[in-house]
Each structure stands twice: as structure tokens, then as C-alpha cells.
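Below is one structure, written out as C-alpha cells; comments come after it.
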Amino acid sequence: MSVKHALLSLLYHRPCHGYELRERFEISLGQHWDLNPGQIYLTLERLEREGLVNHEVVAQDTGPDKKVYRLTPQGEQELQRWFTHPIDRGERLRDELYVKLIMGLLTSVTPAEEIIAAQRQGLLRELHRVTLQRAQCDWRQDTPTLLLLDSAILHLEADLYWLSLYETRLNALKAHTWPEPHPRPRGRPPRSADIKQGES
């Protein structure tokens with residue numbers, strides 16, 4: 001999740017100090033994301049360096065002064081850019097499960113069938129847990145949470161389906177011939193002067 005853009009979104013409504021931002025974050029998303037105070041302040045410092053927020057120090061009658069952060073025009077532009085541009089899902093082509101399954105075939109440290117079984121059990125446990133959460137969710141009072149749980153369930157079901165596809169193609173994968181890397185010449189490449197001298 002983009003903590004950066006979540007904080008920009010919260011600051012869009014009104015200026016806030018760090019503790020207030022954390023409280024508003026937890027009200028909106030906190031039951032699903034554990035965001036510690038240090039992460040909030042580090043992100044705010046980075047946003048200020050990027051010119052997306054600025055702050056003013058507000059004196060308090062009791063206790064230390066507070067830094068109150070507000071969105072800059074550049075911050076509003078960045079927030080608009082984030083909302084109107086699609087999220088890049090390219091990292092799915094670097095899926096860790098895919099890497100584990102392929103490396104399992106290449107190394108034979110653990111049989112592929114055991115890797116598949118362990119992953120399937122983990123996915124089923126997670127699917128059971130999330131499905132129970134969804135069953136206990138009152139859509140009339142917490143529609144945002146319901147949408148998030150639906151998304152999680154669909155992704156877990158897709159992972160289970162993909163795992164089954166992998167299993168059906170396991171024999172073909174075991175028979176697959178993995179190409180060897182092309183050997184590269186070692187040492188310093190010849191200089192142009194050396195080439196000309198050799199040609200003369």
C-alpha cells in the first residue's frame with residue numbers, strides 16, 4: 001500500500017499533526033494495516049523534502065509544540081496524478097510463488113509435489129480465515145471492509161486455481177530442457193589500437 005498517498009489523501013481535507021494523521025489512518029484503514037508512528041513521521045519528512053507538504057509549528061498551552069502539516073499545490077497535483085493513473089501490477093510477473101516453484105524444479109531440494117501441497121494448505125487456511133471475516137462483516141455498516149475482503153477472497157481463489165494449473169503441467173515442466181547461459185569471454189576486451197595493429 002502507498003502510505004505516501006494515503007497521508008496525502010488525509011491531508012487533502014484539512015491540515016493535521018502526526019498523531020491526528022495516525023488516528024485518522026486507523027479509522028479508515030487501521031484494522032487491516034499496522035502503521036507505526038515512526039513510519040508516519042518518516043513519510044511526512046520525505047513528503048516535505050519532495051515539496052508535497054509543508055508544516056508550521058503550533059504552540060501548545062501544555063505540552064510540546066506540534067508540527068501541523070498541510071498539502072501544497074504540488075501535493076494536490078501528485079494526489080490527482082495518483083488517482084487518475086492505473087496501478088502498475090507488473091510485479092505480478094515477479095511472483096515469489098512462481099520463483100519458488102521453478103527453483104524447486106531446478107534444485108530438487110524438495111519434491112515439487114510437497115511444495116505445491118504446502119502452498120495449497122497455506123492458501124486454504126488463509127481463504128478460510130478471510131471467508132469467516134467476510135461472513136461476520138455487516139455490509140450495511142462496513143461496506144469498505146466488505147469490498148477489501150471480497151478482493152482478498154478473489155485473489156486467493158485465483159492463486160489456488162493457478163496452483164492447480166501448475167500441477168496439471170508438472171510433468172511437462174519436469175521434462176522441460178532449461179537452456180544453459182551463453183559463455184562470455186573473460187578478460188579485458190581488446191582496444192581499438194590493438195585490433196588495428198593485429199590487422200596490419
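The values are calculated or read from the model by the stated rules, or taken from the named source; none is laboratory data. No experiment lies behind these values; they were computed from the predicted model shown. Every residue, glycine among them, receives a Cβ derived from its backbone with ideal geometry; neighbour counts consider all protein chains shown.
Here is how the numbers come out for the structure above:
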item: Residue in region 47-56 that is out of contact with any Ser or Thr (no Cβ under 7 Å at 6 or more places or on another chain) and β-branched (Val, Ile, Thr) present; result: no
item: Verdict on Thr62 being at pLDDT below 85 and of a type in the set (Val, Ile, Thr); result: yes
item: Answer residue from region 151-167, given it is surrounded by 14 or more Cβ atoms within 10 Å (Cβ to Cβ) and farther than 18 Å from Leu101 by Cβ and is modelled with the lowest pLDDT among those; result: Ala152
item: Members of region 3-48 that are farther than 20 Å from Glu78 by Cβ and acidic (Asp, Glu); result: Glu20, Glu23, Glu26, Asp34
item: Residue match in region 112-130 (condition: touching a Ser or Thr at 6+ places or on another chain (Cβ under 9 Å), assigned by TED's automatic domain parsing to the domain that holds Asp95, free of Cβ contacts under 8 Å to residues at least 24 places away in the same chain and over 25 Å from Ile27 (Cβ atoms)); result: yes
item: Residue that is farthest from the chain's Cα centre (by Cα) [pool: residues in region 101-115 that are part of a loop (DSSP other than H, G, I, E, B) and among the hydroxyl-bearing types (Ser, Thr, Tyr)]; result: Ser108
